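Note sheet for the following structure.
The values are calculated or read from the model by the stated rules, or taken from the named source; none is laboratory data. Computed from a predicted structure; not experimentally measured. So basically every Cβ, Gly included, is an ideal-geometry build from the backbone, and we count neighbours across all protein chains shown. Note: accessible area is taken over every heavy atom of the protein model, side chains too, but ligands, DNA and RNA are not part of it. Shrake-Rupley method; radii C 1.70, N 1.55, O 1.52, S 1.80 Å.
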Amino acid sequence: NDSIERAKSEIVRLKVEANNLELEITSGEGILKRFAMQMNILRTSKEFDAIKRQMDAQRVWNKETEGKALELLEQIDAKQNSLEQNNVTLAAVETELDTETARVKKEVAELQMEREKLSKERETLAQTVPEKELMLYNRIASRGQAIASVERGICSVCCMRLPPQVQNLAILAKELAFCPSCGRILMAS
């Protein structure tokens with residue numbers, strides 16, 4: 001939006017400058033008319049030559065000013081075309097953004113529904129877990145992942161080799177076994 005506003009203000013500046021040049025051209029044409037009127041009342045060839053030189057110089061100045069004005073008008077056209085292209089691009093990006101925003105909102109809503117479903121399911125399953133084990137699980141889970149698997153005698157989370165008695169406890173699964181390194185609950189894979 002800032003670049004669009006800058007482009008608009010630049011176009012306004014160029015239009016003002018072009019209008020000033022057009023006023024100067026009009027003024028120059030008025031000067032040429034006055035010189036032409038003076039040509040009718042001249043008495044000597046020297047006066048005629050002087051007025052003719054002034055008229056020629058004024059015509060050159062008028063042509064240069066017209067050239068500058070045309071350049072400014074071309075710049076204005078180029079900037080307006082660029083601005084229109086930027087507006088079209090902006091509209092396309094805004095449409096894409098709206099589409100993506102709608103998609104993300106839909107996905108978030110679906111994820112929230114899934115989360116609510118899983119939360120209800122967890123509450124139902126948590127009722128079947130003894131309170132002591134559930135408290136231990138919740139305490140460990142508050143720091144991150146609560147359960148690690150035992151793979152070839154190694155904790156899958158911290159990658160430490162487990163003592164054989166801890167491995168056996170995890171395999172038998174008669175009581176909770178904890179990794180002595182990271183403190184996670186171990187489960188045989």
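Any residue that is touching an Asp or Glu at 6+ places or on another chain (Cβ under 8 Å), in contact (Cβ under 8 Å) with a residue 60 or more places away in the chain and surrounded by 12 or more Cβ atoms within 10 Å (Cβ to Cβ) - is there at least one of those in segment 62-81?
yes
Using beta carbons and a limit of 8 Å, which pairs, at least six apart or on different chains, have the first residue in segment 34-46 and part of a loop (DSSP other than H, G, I, E, B) and the second one modelled with pLDDT of 85 or more?
Sorted first by the residue in segment 34-46, then by its partner, the pairs are 42/48; 42/51.
List the number of the failed condition for residue 186; all other conditions in (1) open to solvent by 40 Å² or more (accessible area, probe 1.4 Å); (2) out of contact with any Asp or Glu (no Cβ under 9 Å at 6 or more places or on another chain); (3) touching a residue at least 12 places away in the same chain (Cβ under 8 Å) hold.
That leaves (1) as the condition not met.
Mind counting the residues in segment 147-189 that are within 52 Å of the chain's Cα centre (by Cα), farther than 19 Å from residue 132 by Cβ and not acidic (Asp, Glu)?
Result for segment 147-189: 19.
May I ask you to verify whether residue 103 is open to solvent by 90 Å² or more (accessible area, probe 1.4 Å) and within 30 Å of residue 184 (Cβ to Cβ)?
When the stated conditions are applied, residue 103 does not pass them.
Whether any residue in segment 147-170 is part of a loop (DSSP other than H, G, I, E, B), at pLDDT below 90 and either in contact with a helix residue (DSSP H, G or I) (Cβ under 9 Å, 6 or more places away or on another chain) or not charged (D, E, K, R) (or both) is what I want to check.
no
Please specify each residue of segment 105-141 satisfying the condition of being among the hydroxyl-bearing types (Ser, Thr, Tyr) and closer than 17 Å to residue 179 by Cβ.
137
If only one of 181, 142, 149 is exposed (fewer than 14 other Cβ atoms within 10 Å of the Cβ) and hydroxyl-bearing (Ser, Thr, Tyr), which one is it?
142
Look at segment 1-59 and say how many of its residues are under 30 Å from residue 86 (Cα atoms) and small (Gly, Ala, Ser).
4
Which of the residues spanning segment 109-130 are touching a helix residue (DSSP H, G or I) at 6+ places or on another chain (Cβ under 8 Å) and in a helix (DSSP H, G or I)?
Correct list: 126 only.
Show the residue pairs meeting these rules: Cβ distance below 6 Å; 6+ apart or different chains; first residue within segment 116-144 and in contact (Cβ under 8 Å) with a residue 12 or more places away in the chain; second residue surrounded by 11 or more Cβ atoms within 10 Å (Cβ to Cβ) and of a type in the set (Gly, Ala, Ser).
137/146; 140/146
Looking only at segment 14-42, how many residues end up being within 46 Å of the chain's Cα centre (by Cα), closer than 16 Å to residue 54 by Cα and basic (Lys, Arg)?
Qualifying residue count for the region: 0.
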